[in-house]
Amino acid sequence: MIALAAAVFLTGAATVIDGDTLKLGTVSVRIYGIDAPEARQRCASRSGAEYECGARATLFLAGAVYGRSLDCEAKDIDRFGRTVAICSAGGVDLGRALVAAGLAVAYRQFSELYVPEETTAKRARRGLWGGKFQPPAAYRANRFK
């Protein structure tokens, strides 16, 4: 990632791309500190039934931003040119909400900001933690070999 020289804030309506990526106008924004399942990623429930966990994370994020203006504080620029930012909608931190619901993992490679929420979701067996899943980074690595 490329560090930003000064604080950059983005505000406005967003379009959801997937469970951890948004578009504010022409700016692609990756939510800081989390990693959500890829759009087509499948996971297994506690009973072993497969479900579309990537789609579930995307729908959750879409519901969280629907009809709300976003406030994003840029932290970095990633290798794909996306702004990496902490974003909130209606005062709710989107990264924290996704991880707390068990629909994304704390992206420890870049931040430990949401580790407490992940620990709580894991103990409660919420979302991904209620069954089996491949961590999103591992899924991407295997998918794009």
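The values are calculated or read from the model by the stated rules, or taken from the named source; none is laboratory data. Predicted model, so just to flag it, every value in this text is computed and none were measured. Here the Cβ is made from the backbone with ideal geometry for all residues, glycine too, and neighbour counts use every protein chain on show. Side chains are part of the model used for accessible areas, which takes the heavy atoms of the whole protein and leaves out ligands, DNA and RNA. Shrake-Rupley method; radii C 1.70, N 1.55, O 1.52, S 1.80 Å.
Ignoring ligands and nucleic acids, what accessible area does residue 17 show with a 1.4 Å probe (Å², nearest 10)? The accessible area comes out at roughly 90 Å². Beta-bridge orientation, the chain: approximately 90 percent antiparallel, per DSSP, counting only bridges with both partners inside.
Below 8 Å, C-alpha to C-alpha, sequence gap of six or more: please give me the relative contact order for segment 20-145 in percent.
Working: 219 pairs, mean separation 37.1, N = 126.
29 percent.
Counting only protein heavy atoms and using a 1.4 Å probe, the accessible area of residue 78 comes to about 20 Å².
For segment 116-145, the list of chymotrypsin sites (Phe, Trp or Tyr not before Pro) that fall in a loop by DSSP and count at most 14 other C-beta atoms within 10 angstrom reads 144.
Using a probe radius of 1.4 Å on heavy atoms only, what accessible surface per residue do you get for the chain? Whole Å² is fine.
Details: 7780 Å² over 145 residues.
Accessible area per residue: 54 Å².
What's the local net charge at residue 11, with K and R +1, D and E -1, over the other residues with C-beta under 13 Å away?
Working: positive: 68; negative: 71, 73.
That works out to -1.
Quick one: Debye curve from the C-alpha atoms of segment 6-58, no solvent, what's log10 I(q)/I(0) at q = 0.30, 0.32 Å⁻¹? Reported log10 I(q)/I(0), two decimals: -1.13, -1.19. Remark: C-alpha extents of segment 80-129 on the principal axes read 34, 28, 15 Å, sorted largest to smallest. Determine the share of segment 72-145's accessible area contributed by carbon and sulfur atoms, expressed in whole percent, with a 1.4 angstrom probe. It is 52 percent, rounded to a whole number.
Dipole check for the chain: with +1 at the C-beta of Lys and Arg, -1 at the C-beta of Asp and Glu, and the Cα centre as origin, the magnitude is about 520 Debye. Just want the answer: with Cβ charges of +1 for Lys and Arg and -1 for Asp and Glu, which residue in 129, 97, 47 is farthest toward the dipole's positive end in segment 35-130? Final value for the positive-end residue is 47.
Projecting the Cα atoms of 12, 109, 139 onto the charge dipole of the chain, computed from C-beta unit charges around the Cα centre, puts 139 farthest toward the positive end.
Under the rule of -39500 (n - 2.57) per DSSP H run of 4 or more residues, summed and divided by the residues of the chain, what mean residue ellipticity at 222 nm is obtained, to the nearest 500 deg cm²/dmol? Show your work: numbers first, answer last.
Working: 4 runs with 38 residues, N = 145.
It lands at -7500 deg cm²/dmol.
The alpha carbon centroids of segment 69-83 and segment 105-145 are separated by 20 Å.
Averaged over residues, the count of other Cβ atoms within 10 Å places the peptides 40-52, 107-119 in the sequence 107-119, 40-52, highest first. Between residue 124 and residue 52, the simple spin-label model (points 7 angstrom out along Cα→Cβ) gives 2.6 nm. Among the listed options [x] 20.0; [y] 17.4; [z] 15.3, the one matching Kirkwood radius over Cα pairs in Å as calculated from these coordinates is [z].
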